[in-house]
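Undergrad: Below is one structure. I have some questions about it.
The values are calculated or read from the model by the stated rules, or taken from the named source; none is laboratory data. What you see is a predicted model, and the numbers here were worked out from it, not measured in a lab. Positions of Cβ are generated from backbone atoms using ideal geometry, with glycine treated the same way; all protein chains shown enter the neighbour counts. Ligands, DNA and RNA are stripped out before the accessible areas are found, and what is left, the full protein with its side chains, is counted by its heavy atoms. Shrake-Rupley method; radii C 1.70, N 1.55, O 1.52, S 1.80 Å.
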Amino acid sequence: AFVDNVVEGMILAVHARDGKGQVYILGDRTPVTVEHLARRAAHHLGGGLPGFGIPVWAARLLALQCEWLWGLVGREPPIHRGRIEFFTRQAAYNISKAVREIGYNPTVDLEAGLERTIGWYREHGFL
């Protein structure tokens, strides 16, 4: 979800009469897989994803080795099992409760959010 959508949802939740103590999922209207997000981001950056992948078991093994090696020097590894689980998890989140109870209506879609985010990173010299 694009940050503007999340901020708007948080403001709606704060001002909702029955919102206190409730949990709302503030995402996009259409669920997006991590792979789809990565492909769309790569497209907006003018590139693509590598044409190969590695099996999840091998990625987990590599992550475990990284955790051990980086642990020897007291640093957080660039690849760890939690990151592998995040990128390989199949999950979809439902925003219907937020739509129904607080009037949440995400207005920035994936494509516009990626364009704005990448534009910000370029403007600030990160890309």
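Undergrad: 7 Å from Cα along Cα→Cβ at both residue 115 and residue 58: what's the point-to-point distance in nm?
TA: So the two model labels end up 3.8 nm from each other.
Undergrad: So how much slack lies between residue 91 and residue 7, counting 0.36 nm per residue of separation and subtracting their Cα-Cα distance, in nm?
TA: The span from residue 91 to residue 7 would gain 28.0 nm if fully extended.
Undergrad: When the solvent-accessible surface of protein heavy atoms is calculated with a 1.4 angstrom probe, in what order do 24, 93, 121 fall, highest first? Intermediate values should be presented prior to the final figure.
TA: Numbers: 24 35, 93 140, 121 100 Å².
Greatest to least solvent exposure: 93, 121, 24.
Undergrad: For region 55-127, what does the accessible surface come to per residue with a 1.4 Å probe? Please give it in Å². Don't skip to the answer; put the middle values down first.
TA: On the way: 5460 Å² over 73 residues.
I get 75 Å² per residue for this part.
Undergrad: Using only Cα atoms, what Kirkwood radius does the chain have, in angstroms?
TA: It is 17.4 Å.
Undergrad: Please list, in order along region 90-100, the HN-Hα scalar couplings obtained from phi with the Karplus expression 6.51 cos²θ - 1.76 cosθ + 1.60 (θ = phi - 60°), rounded to whole Hz, x for Gly and Pro.
TA: Listing the rounded values in order: 9, 9, 9, 10, 9, 9, 4, 5, 5, 5, 5 Hz.
Undergrad: For Cα pairs less than 8 Å apart in space and 6+ apart in sequence, what is the mean separation divided by the residue count of the chain, i.e. the relative contact order in percent?
TA: Relative contact order comes out at 41 percent.
Undergrad: A further question follows. Which net charge results for the neighbourhood of residue 5, defined as the other residues with beta-carbon distances under 11 angstrom from its beta-carbon, given Lys and Arg at +1 and Asp and Glu at -1?
TA: Values: positive: 29; negative: 4, 8, 28, 109.
Once all neighbours under 11 Å are counted, the net charge is -3.
Undergrad: If I stretch the segment between residue 40 and residue 72 completely, what's the gain in nm (0.36 nm per residue apart, minus their alpha carbon distance), one decimal?
TA: Contour length minus Cα-Cα distance gives 7.8 nm.
Undergrad: Follow-up. Calculate what fraction, in whole %, of the accessible area of the chain sits on carbon and sulfur atoms when a 1.4 Å probe is rolled over the protein chains.
TA: 59 percent
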